[in-house]
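Trainee: One structure is given below, represented as structure tokens, and several questions about it will come after.
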């Protein structure tokens, strides 16, 4: 396989095998929406995919899209939302370092984006599911971030914004991609699968003018009159890249990504002089909230100390556990709130007293006892002065036996994908390290650094893919028409 | 000023203003050592510096170099060290994600590197100062990391490895650079100051063959027959880059760097297809250890909870405070250990009881009282079961009044510089995102990601600069001779 960064000069291309106004690399959510949008703008579009067909990581996802500002479903289900409140939440929850311009544009156009998806056949049921990122039913709306948790509930009026595509089971991503693949086909996009794009082609001005790909073992070159769009996923399945840029993420056992998430799209861009930014950042899911009553437990580190409000979103808890506590944390429950967690994890101790549990866990003497005593004292009054867990989630842990669910990285199913990638403008133009556009190059989805810099809320990646995929399609089409 | 990433094709260079086997960009510690080493290897060397003369950030530093394995001074002062123990410490303290190959090579050759520096006129006094990164006297040796702290003291036999250049005052970096500038001049390097290198020149194979610079407002081009070495510092003084790659570092009030630390060297490399890695990482110094008795206090976060052993090195404490505690931490002392800190910081409360201090600080009721009670109970026995502070640094805090020294980012002098940069091999060859060398391009010092990925120990940056500067000089000279 050729090197992604082995940028090719147009002088070395003896002939073009095909050409189009817009050439798109990758047929996941971002590539599909880029293609549809470019066609809507009147461009001739060639979509190249390394696998046998469309899907990418979007197809493997839960099919949840972060949308708000007052979508038809939010309104039908009785929730009030506005782009302003959505924006306040995202600016607070995705920072520091969030891309404010992207967040503002996305919030302003979120309702229209929802309608665009519906118009292209993406099905949503007009129903509210509840809290949590997974909707095992075919329902739609859920709280998929920390909207209800402190301090966010005070900073922005909460609303559920996770919009899951209508499909029974937790893998609605398949339905989402079936819809988007259908819409892409209907759009008149020329789709070519089994085509692995290897590197970019530039002219003497370093403008991107095409891609070199491998088809049936032979090299093929595709000319892009208006622009190339990189929509080729992230890099969670490239061990060397993860080690190089985000070594802590390697501790997570489950990598949420398809084989194509090997960072090739990002590397192709870097080879053409693009800057990859925030490459250390990952979405780190610590799945401990099913059944929901478990958030009434308390998370402690190996010192027997709490470190977070347990009702913050599971990605925020995962980030704190992995990055700040060395991935070694335990959820303490009493008998009243105990339940077998889904997915399962090791139950490291079940004891009749907190003192015995503390000993079983090898914690410093007195540490867990003190933590639980303090927690219980305040929980009895519906308060959590240290971490501000919501009163609904507070109950004294006083019913033996007491259990310790082991949510350390070697026991629990930490789920991870990368959030860093090419630096892009809201228009999806790819930028150099000087902040200037690489002319002719666009990108979207997990090939880019998108809406979330930290404190991920579920649905933001498919939001990135679908919304900024459309931006990329529009921008590349516009450039082809202006020439 | 031209764009750093506006890579130039050799076809656009109408004439070369000068040429050399090795062209070096930047005359700080890395550039100086690269030049000397390249000359030692028989190369003709042209050294270009944007300022009026040599110095860079090395000249502004404390002149401390992390060296060990049994240097003459370690031995004279009665300390036993070996490259193995040094390596064990660095692998544990600089990870996860430390560059093992660089650390191993550096430890293996550390004694020889010390001797090389001495041979080139860098003065060291054969004396031991003590602990801490600053030696206000002209003494040499000090513990400049977490060698004596848990868990490192159990993982590797501790030895002081901070070697400060002989010079009264805490700015021995000036003396270091005067020595290295002298050695560079004696080496026969052709030194040209007031020359701002703007971008790299590549041939049709994307081999780096020179640089484009600006001299007296006009463009000048310099051909490198063997290679270009980027030794142009980090990016702490480029606000946009810090925001883009490492936004949390912006909270630190004092940026340790010269004007040249604007990331241009890194961006020049990126423009030529090099990968910049670990760009999120910084050295974050929280200066709270002068006078040293202050480490007998306890650090608490805004919840009144401890979060670290106070005798870990001040960079490790700074990292934990900024990255894990939102940069909002307080050092609690009693009257017996209290002292005016240097540098000064706000004393937010002085009260006759911990309860009152807790109230003054606005901490959750009971939180600080519980923390201090637990700490005191164990400290009385010379123990710290939660954080393992060394018994020498433990004393119950029982003598009123009690004070809270505010070490939050808006009050204390958090000092920061960037540790991320171009990805290089131990040979100083610069690598693409695919991990392949950019032929003809080398880099060293803070233009690169070096020995420390996290958990910085003082002296590692000048170690990076001087040791890997030499590697760069040797590698580039060897390439010029092989051609």
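Trainee: Does residue B:312 count as buried (at least 22 other Cβ atoms within 10 Å of the Cβ), over 28 Å from the mean Cα position of the chain (by Cα) and not assigned by TED's automatic domain parsing to the domain that holds residue B:152? Lay out the reasoning, then the answer.
Mentor: Numbers: buried (at least 22 other Cβ atoms within 10 Å of the Cβ): yes; over 28 Å from the mean Cα position of the chain (by Cα): no; not assigned by TED's automatic domain parsing to the domain that holds residue B:152: yes.
Judged against the criteria, residue B:312 is not a match.
Trainee: Hey, another quick one. Only one of A:463, A:472, A:477, A:482 is at pLDDT below 95 and on the phi < 0 side of the Ramachandran plot; which?
Mentor: Matching residue, one of A:463, A:472, A:477, A:482: A:482.
Trainee: Restricting the search to segment B:117-138, which residues are modelled with pLDDT of 95 or more and either crowded, with 19+ Cβ neighbours inside 10 Å or assigned by TED's automatic domain parsing to the domain that holds residue B:393 (or both)?
Mentor: B:117, B:120, B:122, B:124
Trainee: Among the residues of segment A:150-166, are any within 19 Å of residue A:62 (Cα to Cα) and surrounded by fewer than 22 Cβ atoms within 10 Å (Cβ to Cβ)?
Mentor: yes
Trainee: Right, something else. Looking at segment B:254-268, which of the residues that are more than 16 Å from residue B:461 (Cβ to Cβ) and modelled with pLDDT of 95 or more is surrounded by the fewest Cβ atoms within 10 Å (Cβ to Cβ)?
Mentor: Checking each candidate, the answer is B:262.
Trainee: Filter segment B:445-460 for residues that are within 20 Å of residue B:265 (Cα to Cα) and in contact with a strand residue (DSSP E or B) (Cβ under 7 Å, 6 or more places away or on another chain) and give the result. Lay out the reasoning, then the answer.
Mentor: Here is the first cut: in segment B:445-460, the ones within 20 Å of residue B:265 (Cα to Cα) are B:445-453, B:460.
Hits for segment B:445-460 are B:446, B:447, B:448, B:449, B:460.
Trainee: Where in segment A:128-209 are the strands (runs of 3 or more DSSP E), entirely inside, with at least 1 residues that are in contact with a helix residue (DSSP H, G or I) (Cβ under 6 Å, 6 or more places away or on another chain) and under 29 Å from residue A:271 (Cα atoms)?
Mentor: In segment A:128-209, the matching strands (runs of 3 or more DSSP E) lie at A:196-202.
Trainee: Residues being touching a strand residue (DSSP E or B) at 6+ places or on another chain (Cβ under 9 Å) and more than 8 Å from chain A (Cβ to nearest Cβ): count how many of those fall in segment B:261-271.
Mentor: The total comes to 5.
Trainee: May I ask you to list the residues in segment A:283-304 that are assigned to a loop (DSSP other than H, G, I, E, B), crowded, with 23+ Cβ neighbours inside 10 Å and within 14 Å of chain B (Cβ to nearest Cβ)? Show your work before the answer.
Mentor: Step one: list which residues in segment A:283-304 are assigned to a loop (DSSP other than H, G, I, E, B), which gives A:286-291, A:297, A:302-304.
Cutting the leftovers down to crowded, with 23+ Cβ neighbours inside 10 Å gives us A:286, A:288, A:297, A:304.
The answer is A:304, and nothing else.
Trainee: Within the group B:479, B:474, which residue is more than 21 Å from residue B:87 (Cβ to Cβ), touching a strand residue (DSSP E or B) at 6+ places or on another chain (Cβ under 8 Å) and away from chain A (no Cβ under 14 Å)?
Mentor: B:479
Trainee: Go through A:450, A:440 for me and flag whichever is at pLDDT 95 or above, part of a loop (DSSP other than H, G, I, E, B), crowded, with 24+ Cβ neighbours inside 10 Å and not assigned by TED's automatic domain parsing to the domain that holds residue A:353. Lay out the reasoning, then the answer.
Mentor: Numbers: A:440 fails: part of a loop (DSSP other than H, G, I, E, B).
Unique residue meeting the criteria: A:450.
Trainee: Need at least 2 residues that are within 14 Å of chain B (Cβ to nearest Cβ) and either touching a helix residue (DSSP H, G or I) at 6+ places or on another chain (Cβ under 9 Å) or buried (at least 24 other Cβ atoms within 10 Å of the Cβ) (or both) per element, so show me which helices (runs of 4 or more DSSP H) inside segment A:1-104 make the cut, counting only ones lying wholly within it.
Mentor: Ranges flagged: A:83-93.
Trainee: Let me ask you something else. Among (1) assigned to a helix (DSSP H, G or I); (2) within 14 Å of chain B (Cβ to nearest Cβ); (3) over 30 Å from residue B:422 (Cβ atoms), there is one condition residue A:308 misses while meeting the rest; what is its number?
Mentor: Just one mismatch for residue A:308, condition (1).
Trainee: With respect to residue B:114, is the statement that it is in contact with a helix residue (DSSP H, G or I) (Cβ under 8 Å, 6 or more places away or on another chain), under 23 Å from residue B:31 (Cα atoms) and assigned by TED's automatic domain parsing to the domain that holds residue B:428 true? Give the derivation first.
Mentor: On the way: in contact with a helix residue (DSSP H, G or I) (Cβ under 8 Å, 6 or more places away or on another chain): yes; under 23 Å from residue B:31 (Cα atoms): yes; assigned by TED's automatic domain parsing to the domain that holds residue B:428: yes.
So residue B:114 fits the description; yes.
Trainee: Also, I was wondering about something else. So residue A:445 ticks every box in (1) buried (at least 20 other Cβ atoms within 10 Å of the Cβ); (2) without any contact (Cβ under 8 Å) to a residue 60 or more places away in the chain but one. Which box is left unticked?
Mentor: Checking residue A:445 against (1) buried (at least 20 other Cβ atoms within 10 Å of the Cβ); (2) without any contact (Cβ under 8 Å) to a residue 60 or more places away in the chain, the one that fails is (2).
Trainee: Something else: How many of the residues making up segment A:311-329 are touching a strand residue (DSSP E or B) at 6+ places or on another chain (Cβ under 8 Å), closer than 12 Å to residue A:283 by Cα and within 12 Å of chain B (Cβ to nearest Cβ)?
Mentor: 3
Trainee: While we're here: Output the number of the condition that residue B:433 fails; it satisfies all remaining conditions of (1) in contact with a helix residue (DSSP H, G or I) (Cβ under 6 Å, 6 or more places away or on another chain); (2) more than 28 Å from residue A:272 (Cα to Cα); (3) within 13 Å of chain A (Cβ to nearest Cβ).
Mentor: Here residue B:433 clears every test but (2).
The values are calculated or read from the model by the stated rules, or taken from the named source; none is laboratory data. No experiment lies behind these values; they were computed from the predicted model shown. Note that we place each Cβ from the backbone using ideal geometry, even for glycine, and neighbour counts take in every protein chain shown.
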